[in-house]
Amino acid sequence: MRKLWIGGTFTGLLSGTFLGIFLKMIEISTGIKVYTLLLNVDYFPILKNYHFPELVEFGFHLIISVIVAISLLLIIKKYCWNRVQIIVRTLFITFSIGFLLYPTTGLSDRTPELTSLPALFFWLLGHLLYGLLLSLLFIKKEFLLN
């Protein structure tokens with residue numbers, strides 16, 4: 001079980017960092033505020049009153065990524081998913097998380113407009129790539145599941 005927690009933390013940090021870098025590069029190259037959306041905490045009642053440095057906001061993002069990775073590993077282990085199930089279901093779950101979180105962009109004036117199709121495209125693409133990397137790391141580190 002300890003290996004699972006350590007592995008989940010590692011894969012969550014690595015995949016979460018990848019997602020952050022990917023969305024930061026999209027934002028730098030296109031001006032579409034998808035990285036800003038990733039770090040946005042304006043929809044939390046208490047947190048919206050504070051302005052955190054980028055590094056702290058990125059830390060919040062990584063904490064969520066680690067929680068997602070550990071949760072997925074626990075589910076994978078409990079239900080004995082095979083390699084294909086790990087990839088397909090992880091992609092579905094991370095895409096769904098991205099899709100469900102995107103509307104929070106409407107709660108901030110720092111993030112893209114809710115109706116921005118390019119922002120939605122890059123946001124969902126980033127979450128699919130995040131899920132793909134996460135699932136491939138799970139499979140590569142299959143010993144975590146034994």
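The values are calculated or read from the model by the stated rules, or taken from the named source; none is laboratory data. Small disclaimer: the values here were computed from a predicted structure and weren't measured. Because the Cβ atoms are built from the backbone with ideal geometry, glycine has one as well, and the counts that use them run over all protein chains shown. The protein model used for the area step is the full one, side chains on, heavy atoms only, and it has no ligands, DNA or RNA in it. Shrake-Rupley method; radii C 1.70, N 1.55, O 1.52, S 1.80 Å.
Any chance the stretch 70-88 includes a residue that's within 12 Å of the chain's Cα centre (by Cα) and surrounded by 13 or more Cβ atoms within 10 Å (Cβ to Cβ)?
Checked against the condition, which is being within 12 Å of the chain's Cα centre (by Cα) and surrounded by 13 or more Cβ atoms within 10 Å (Cβ to Cβ), the stretch 70-88 yields no hits at all.
Determine which member of the set T104, T111, T90 is among the β-branched types (V, I, T), touching a residue at least 24 places away in the same chain (Cβ under 8 Å) and in contact with a Gly (Cβ under 8 Å, 6 or more places away or on another chain). Reasoning before the result, please.
Values: T104 fails: in contact with a Gly (Cβ under 8 Å, 6 or more places away or on another chain); T111 fails: in contact with a Gly (Cβ under 8 Å, 6 or more places away or on another chain).
Only one candidate passes the filter, namely T90.
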Exercise for the section: Tell me which residues, restricted to the stretch 17-55, are over 16 Å from the mean Cα position of the chain (by Cα), at pLDDT below 95 and surrounded by 13 or more Cβ atoms within 10 Å (Cβ to Cβ). Expected result: D42, Y43, F44, L47, K48, F52
Exercise for the section: Give the residues of the stretch 25-47 that are more than 29 Å from I75 (Cβ to Cβ) and either of a type in the set (G, A, S) or free of Cβ contacts under 8 Å to residues at least 60 places away in the same chain (or both), sorted by residue number. Expected result: M25, E27, I28, S29, G31, P45, I46
Practice task
Considering only the stretch 115-139, state which residues are over 19 Å from the mean Cα position of the chain (by Cα) and open to solvent by 70 Å² or more (accessible area, probe 1.4 Å).
Solution key: T115, L117
Exercise for the section: Determine the pairs where a residue that is closer than 16 Å to I76 by Cβ, located within the stretch 1-17, has a partner that is not in a helix (DSSP H, G or I) with Cβ atoms under 6 Å apart, the partner being 6 or more residues away or on another chain. Expected result: G7/K141
Completion exercise
(1) under 21 Å from L136 (Cβ atoms); (2) without any contact (Cβ under 8 Å) to a residue 12 or more places away in the chain; (3) open to solvent by less than 30 Å² (accessible area, probe 1.4 Å) all hold for G59 apart from (1)
